[in-house]
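*Asks:* Sharing a structure, written as structure tokens. Questions coming.
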Amino acid sequence: MPKSRVRKKTVYVPPTDVRPSPTRKRKPSSRALPIVALALLLAGVAWLVVYYLSQGAYPVKSISAGNLAVGFGMLVAGLGVLTQWR
């Protein structure tokens, strides 16, 4: 059986008119960032636990089910802060 021809691959040459944008080196985050994130996460969990254990009487009785929004809002805010951690 005859052997197939070996083709030479052309070497990739990037275009000269397009230059990659220089990348900035990001600074490491502040030491306060994980502390703030952890505080928000713990406060959110504590808010929800107090709400459930008190059967809606605490932390703020007048907003009733809005306490769930506040607790979960703190959790989401804590996770949002953690996305900025470097």
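*Asks:* Checking Ala65 against (1) touching a Gly at 6+ places or on another chain (Cβ under 9 Å); (2) in contact (Cβ under 8 Å) with a residue 24 or more places away in the chain; (3) loosely packed, with under 10 Cβ neighbours inside 10 Å, which test does it fail?
*Replies:* So the condition that Ala65 fails would be (2).
*Asks:* Against the definition (over 32 Å from the mean Cα position of the chain (by Cα) and modelled with pLDDT under 95), how does Arg31 come out, yes or no? Talk me through it step by step, then tell me what you get.
*Replies:* Working: over 32 Å from the mean Cα position of the chain (by Cα): no; modelled with pLDDT under 95: yes.
For Arg31, the condition - over 32 Å from the mean Cα position of the chain (by Cα) and modelled with pLDDT under 95 - is not met.
Okay, residues lined up against (1) touching a Gly at 6+ places or on another chain (Cβ under 7 Å); (2) assigned to a loop (DSSP other than H, G, I, E, B); (3) of a type outside the set (Val, Ile, Thr):
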{"site": "Pro2", "(1), (2), (3)": "no, yes, yes"}
{"site": "Arg5", "(1), (2), (3)": "no, yes, yes"}
{"site": "Val11", "(1), (2), (3)": "no, yes, no"}
{"site": "Asp17", "(1), (2), (3)": "no, yes, yes"}
{"site": "Ser29", "(1), (2), (3)": "no, yes, yes"}
{"site": "Pro34", "(1), (2), (3)": "no, no, yes"}
{"site": "Leu38", "(1), (2), (3)": "no, no, yes"}
{"site": "Ala43", "(1), (2), (3)": "no, no, yes"}
{"site": "Trp47", "(1), (2), (3)": "yes, no, yes"}
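*Asks:* Could you grab me the full set of residues in region 64-86 that are over 13 Å from Ala39 (Cα atoms) and hydrophobic (A, V, I, L, M, F, W, C)?
*Replies:* Within region 64-86, Ala65, Leu68, Ala69, Val70, Phe72, Trp85 meet the criteria.
The values are calculated or read from the model by the stated rules, or taken from the named source; none is laboratory data. The structure presented is a predicted model; accordingly, all values stated were derived computationally and were not measured. Using ideal geometry, Cβ is built from the backbone for each residue, glycine included, and neighbour counts are taken over all protein chains shown.
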